[in-house]
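J.: Before I ask anything, let me first share the structure, which is written out below as structure tokens.
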Amino acid sequence: MQRRTFLKYTAFLITAAAAPKAFAKPCYATFRSDSGVRDRLVKQKFFDVVYDDDIFLAKDKLPLLKTSLRRLKKIQRTVGYANFSLLDFDEALKIGKSYASIGPFSRQEIDFLEMIFYSQVKDYGFMGEKPIKNITGKIKKSRVKKIRSTGNYLYRGRAFELYRTIRKELGTQVILTSGVRSVMKQFLLFLNKAEKSRGNLSMASRSLAPPGYSFHGVGDFDVGKKGYGIYNFTEKFTGTNVYRRLADLGYLKFRYGPDNNLGVRFEPWHIKVI
Ligand SMILES: [Zn+2]
């Protein structure tokens, strides 16, 4: 399966330069980029714009992106936000079949999801490791613990103990904004970003790890300042007292630091556990 999807893969991608205007970049500036470290750091800093060497999904795959994503969102609404964060691939397929309002994933949608999962992400700029090797990877319910009033889970052991220690030190002003994420949860987040960027996989992967590559699947989690909303996921978070306290106490060992070499924007809210 991996080899088959890999061989088909090249047909799924085009560069920004070749992308039809209809879906390439009508509302973004396009930047001409040179190779090298400076260029990579610029892309990570200004992650939400189109660069001339960005890689897009081929136009004929966009309908599959939309229908797969719509089905995943319906499943999340059906099973609930917290349950969805643990949901695996086989369970998602089963739920699709069981609810007429969702409908089964088509063969082409399943092939599309496999293509995204097993493709060479370095081709579109993501250089991180892949902690989850199999699209059907499961999260054992006995290994995670639901964190009250957050809608999120954490792995028992190191992750939970670290979060508990942070809460003890900083009090209720620090909150858990994202915990354990299954492969399907990461699919939903990544495809959502890919859809918003009109199929630009390079731009999507500058914002978050592709499915299989997120360490939320194995232990990492995100924290924020209570009441700070979406700003918890921006560099503004570094201006908060929560961030300063975390830094002072030595809890910030960045997975994606300010000048990382993984092709990902700086994520000051992400706590590296593994
Ligand atoms: Zn994170």
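Here, each number is a calculation from the coordinates, and none is a lab measurement. Everything numeric here is computed off the predicted structure, so don't read it as measured data. Note: ideal-geometry Cβ built from the backbone for every residue, glycine included; neighbour counts use all protein chains shown.
J.: May I have the convex hull volume per residue, in Å³, for the Cα set of segment 103-167?
T.: On the way: hull volume 10.9 nm³, N = 65.
With only Cα atoms used, segment 103-167 gives 167 Å³ per residue.
J.: If Rh is defined by the Kirkwood formula over all Cα pairs and Rg also comes from Cα, what ratio Rg/Rh do you get for the chain? Each step should come with its number before you reach the end.
T.: On the way: Rg = 18.8 Å, Rh = 19.5 Å.
Ratio of gyration radius to Kirkwood radius for the chain: 0.96.
J.: With a 10 Å radius around each residue's Cβ, average the other Cβ atoms per peptide and rank 249-259, 53-63, highest first. Spell out each step's value before the answer.
T.: On the way: 249-259: 14.3, 53-63: 18.8.
Packing order, densest peptide first, comes out as 53-63, 249-259.
J.: Still on this structure, please answer the following. Defining a contact as two alpha carbons under 8 Å apart and six or more residues distant in sequence, what relative contact order in percent does segment 35-118 show?
T.: Details: 36 pairs, mean separation 23.0, N = 84.
Rounded, it is 27 percent for segment 35-118.
J.: Which listed residue (135, 216, 174) has the Cα farthest towards the positive end of the charge dipole for the chain, taking +1 on Lys and Arg C-beta and -1 on Asp and Glu C-beta about the Cα centre?
T.: Result: 174, furthest along the dipole toward the positive end.
J.: Within the set of other residues whose C-beta is less than 10 Å from the C-beta of residue 259, count the net charge using Lys and Arg as +1 and Asp and Glu as -1. Spell out each step's value before the answer.
T.: Numbers: positive: 40, 45; negative: none.
Summing Lys and Arg as +1 and Asp and Glu as -1 gives +2.
J.: Moving to a separate point now. List every DSSP H helix in the chain whose Cα atoms extend 24 Å or more along the helix's own long axis and whose mean Kyte-Doolittle hydropathy is at least -0.5. Mind showing how you got there, number by number?
T.: Numbers: long enough: 62-79 (26 Å, -0.27).
Taking the DSSP H segments of the chain (at least 24 Å long, mean hydropathy at least -0.5), we get 62-79.
J.: If you average the sequence gap of Cα pairs under 8 Å that are 6 or more apart and divide by the length of segment 121-274, what percent do you get for the contact order? Numbers along the way, then the final one.
T.: Working: 239 pairs, mean separation 42.0, N = 154.
In percent, rounded to a whole number, it is 27.
J.: Next up: Compute and list, largest first, the equivalent-ellipsoid semi-axes of segment 147-228 from the alpha carbon gyration tensor, each √(5λ) rounded to a whole angstrom.
T.: Working: eigenvalues 145, 40, 19 Å².
Equivalent-ellipsoid dimensions as semi-axes: 27, 14, 10 Å.
J.: If all Cα-Cα distances of segment 176-274 are sorted into 5 Å bins from 0 onward, what percent lands in each bin, rounded to whole numbers?
T.: Spelled out per bin, shortest first, that is 2, 14, 21, 26, 21, 11, 4, 1, 0.
J.: Which distance in nm do the two modelled labels at residue 161 and residue 173 give, with both placed 7 Å along the Cα-to-Cβ direction?
T.: With each label placed 7 Å out from Cα toward Cβ, I get 2.7 nm.
J.: Under a point-charge model restricted to the Cβ atoms of Lys and Arg (+1) and Asp and Glu (-1), what is the dipole moment magnitude of the chain relative to its Cα centre, in debye to the nearest 20?
T.: Values: 51 positive and 24 negative charges, 191 e Å.
The calculated dipole for the chain is roughly 920 debye.
J.: Give me the one-decimal nm value for the distance between modelled label points at residue 42 and residue 83, 7 Å along each residue's Cα-to-Cβ direction.
T.: Distance between the two pseudo-spin positions: 4.9 nm.
J.: What nm distance separates the two modelled labels at residue 101 and residue 235, each placed 7 Å from Cα along Cα→Cβ?
T.: Here the answer is 4.2 nm between the modelled labels.
J.: Roughly speaking, what is the centre-to-centre gap between segment 149-179 and segment 80-131 when only Cα atoms are used, to the nearest Å?
T.: 27
J.: Relative contact order for the chain: what is it in percent, counting Cα pairs under 8 Å that are at least 6 residues apart?
T.: On the way: 447 pairs, mean separation 60.9, N = 274.
Here the relative contact order equals 22 percent.
J.: Identify all lysines with a Cα-Cα distance to residue 141 below 25 Å; exclude those on the same chain that are fewer than 8 residues away in sequence.
T.: Once the sequence-local lysines are set aside, what remains near residue 141 is 73, 74, 94, 97, 130, 133, 185, 272.
J.: What is the set of long-range amide H partners of residue 15 at a cut-off below 5 Å, with H atoms built 1.01 Å from backbone N?
T.: 56
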